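The values are calculated or read from the model by the stated rules, or taken from the named source; none is laboratory data. Quick caveat, the model's predicted, so the values are computed rather than measured. Cβ placement follows ideal geometry from the backbone for every residue including glycine, while neighbour counts extend to all protein chains displayed.
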Amino acid sequence: MILCDKNIILPSSLPSGFNDITFIDGRTLTNQDLIDSKCTALFVRSVTTINASLLKSSNICFVGTATAGIDHIDRKYLNDRSIAFASAPGSNAVAVAEYVYFALLSYSHTCNISLRGKVLGIFGLGQVGKRVAKIAETLGIKIIASDPFLEESGIMYQNIQWRKKREILQEADIISIHTPLTYHGAYPTAYMFSRDECEIMSASLLIQTSRGGIIEETALLKKLQTSHLLLAIDVWEEEPLWNAHIAHHSSTCMATPHIAGYTKTARERGGEMIVEAYARFKGLRISEHINKQNYIDDKDVYNTLQLHRFAENKRTVLKHHDVDSKYFDECRQQCLQDIETMKDPLL
């Protein structure tokens, strides 16, 4: 049996061997649910924390998360118990890049500022960061970036200059964060931006679509209160709760409930990727029906995104509401749109 988060979209035609699937609420899933169901595979999203507390004494031998981020997964626990694991890297990259694109264009329109010649500092040049860089390049923006793993490996990108964190904070007009949330290793990112970083940040726009916990919210709030920084923020330290002081601040132009990568197309691709991984794990044949993402060609991207994905009531959905975890999840469903306007050549 497979237990699958009810918000994961699985392909309409599944490979043979996927006959016994039960859909569950991933946020309220318990260890007893796993034991009682006797399931052997679990498909989740970021709302489900995978660790010893959830999996102990269960029959789980495969865990798949239909998300690019894996900070909710205890990889060591899975490895130690030989539990197979798969994620969906890049599944929502186009959708997140759209969010950043809209934030850039909205900033330009609202403030009557040309983006050409501005300096964009990107932290993390993975699936999303590279797409954001290409978008910025088409807008005439200069790009500086920090990704120590790529930089140390000797990788160079045309029109992107490597900088240290402090240099980006001091040089960039706009900062966009696209690192995973990590606590260990050579370059942990938890509280990567705390009091010192926020104090020296000279940017006029900060876009945060990576993971809550990378920015220390108390330090960010102080920065908003003592500078002219504008903020577009989609992720929060205590999700599904959010920081009302930051969301309600007059300098916060976008305050959303982790919906940057939450489109129907992105969810479909995430579901497809873990189905593919599970099929390989079970030695099943993967159907050829599984398709890659398609993109809608629309010359007026800003107006299209504003009309469909980021209407005023959606991009400021947390600004005028009391903190409530149930409301957070309800908003995510209401914000869901099956539209992505980026063309593959652009990204």
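Can you tell me which residues in segment 71-106 are among the aliphatic types (A, V, I, L, M) and in contact with a Leu (Cβ under 9 Å, 6 or more places away or on another chain)?
Filtering segment 71-106 down to residues among the aliphatic types (A, V, I, L, M) leaves 73, 78, 83-84, 86, 88, 93-97, 100, 103-105.
Those that are among the aliphatic types (A, V, I, L, M) and in contact with a Leu (Cβ under 9 Å, 6 or more places away or on another chain): 78, 83, 84, 93, 94, 97, 103, 104, 105.
Of all residues in segment 10-30 being closer than 14 Å to residue 332 by Cβ and surrounded by fewer than 19 Cβ atoms within 10 Å (Cβ to Cβ), which is farthest from the chain's Cα centre (by Cα)?
We begin by selecting, within segment 10-30, every residue closer than 14 Å to residue 332 by Cβ; these are 25-27.
From the residues that got through so far, the ones that are surrounded by fewer than 19 Cβ atoms within 10 Å (Cβ to Cβ) too are 25, 27.
On the way: 25: 20, 27: 18 Å.
Here the residue is 25.
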Note to self: Take the conditions of a type outside the set (S, T, N, Q), under 25 Å from residue 281 (Cα atoms) and in contact with a Leu (Cβ under 9 Å, 6 or more places away or on another chain) and apply them to residue 42. Does it pass?
What the structure shows: yes
Notebook entry, point to check: Inside segment 152-178, can you point out the residues that are modelled with pLDDT of 95 or more and either over 23 Å from the mean Cα position of the chain (by Cα) or farther than 20 Å from residue 230 by Cα (or both)?
Noted result: 160, 161, 162, 163, 164, 166, 167, 170, 171
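Name the one entry in 261, 212 that is farther than 20 Å from residue 105 by Cα and either of a type outside the set (Phe, Trp, Tyr) or in the same structural domain as residue 150 (by TED's automatic domain parsing) (or both).
Numbers: 261 fails: farther than 20 Å from residue 105 by Cα.
From the options 261, 212, the qualifying one is 212.
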Checklist line | Enumeration of residues in segment 242-266 that are farther than 18 Å from residue 310 by Cα and part of a helix (DSSP H, G or I) | finding: 244, 245, 246
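Determine whether residue 246 is closer than 19 Å to residue 71 by Cβ and buried (at least 21 other Cβ atoms within 10 Å of the Cβ). Can you show your working first?
On the way: closer than 19 Å to residue 71 by Cβ: no; buried (at least 21 other Cβ atoms within 10 Å of the Cβ): yes.
Answer is no for this residue.
Among the residues of segment 57-75, is there at least one that is of a type in the set (Lys, Arg), surrounded by fewer than 18 Cβ atoms within 10 Å (Cβ to Cβ) and under 19 Å from residue 213 (Cβ atoms)?
Going residue by residue through segment 57-75, those that are of a type in the set (Lys, Arg) are 75.
When the remaining residues are screened for being surrounded by fewer than 18 Cβ atoms within 10 Å (Cβ to Cβ), the result is 75.
Okay, now just the ones that are also under 19 Å from residue 213 (Cβ atoms), so 75.
Yes, there is a match, as at least one residue in segment 57-75 is of a type in the set (Lys, Arg), surrounded by fewer than 18 Cβ atoms within 10 Å (Cβ to Cβ) and under 19 Å from residue 213 (Cβ atoms).
Being buried (at least 18 other Cβ atoms within 10 Å of the Cβ) and modelled with pLDDT under 95, is that true of even one residue in segment 224-232? Can you show your working first?
If we filter segment 224-232 for residues that are buried (at least 18 other Cβ atoms within 10 Å of the Cβ), which is where we start, we get 224, 229-232.
Filter again for modelled with pLDDT under 95, leaving none.
There is no residue in segment 224-232 that is buried (at least 18 other Cβ atoms within 10 Å of the Cβ) and modelled with pLDDT under 95.
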Check: So is residue 38 surrounded by fewer than 20 Cβ atoms within 10 Å (Cβ to Cβ) and on the phi > 0 side of the Ramachandran plot or not?
Finding: yes
Next item on the list: Considering only segment 204-219, state which residues are touching a residue at least 60 places away in the same chain (Cβ under 8 Å) and not in a loop (DSSP other than H, G, I, E, B).
Entry: 205, 207
Next item on the list: Inspect all residues belonging to segment 220-232 and state whether any of them is closer than 28 Å to residue 27 by Cα, in contact (Cβ under 8 Å) with a residue 12 or more places away in the chain, of a type in the set (D, E, K, R) and in the same structural domain as residue 331 (by TED's automatic domain parsing).
Entry: no
Item checked: Segments classed as helices (runs of 4 or more DSSP H), wholly inside segment 118-203, with at least 2 members that are of a type in the set (Asp, Glu) and surrounded by 13 or more Cβ atoms within 10 Å (Cβ to Cβ) -> 165-171, 195-200
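Name the single residue that is nearest to the chain's Cα centre (by Cα) among those in segment 99-117 being buried (at least 20 other Cβ atoms within 10 Å of the Cβ) and of a type in the set (Ser, Thr, Tyr).
In the first step, residues of segment 99-117 are kept if they are buried (at least 20 other Cβ atoms within 10 Å of the Cβ); the result is 99-104, 106-107.
Next, from what is left, pick out any that are of a type in the set (Ser, Thr, Tyr): 99, 101, 106-107.
Numbers: 99: 10, 101: 14, 106: 20, 107: 21 Å.
Here the answer is 99.
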Next item on the list: For residues that are crowded, with 23+ Cβ neighbours inside 10 Å and not aliphatic (A, V, I, L, M), scanning just segment 259-270, find the one that is modelled with the highest pLDDT.
Entry: 270
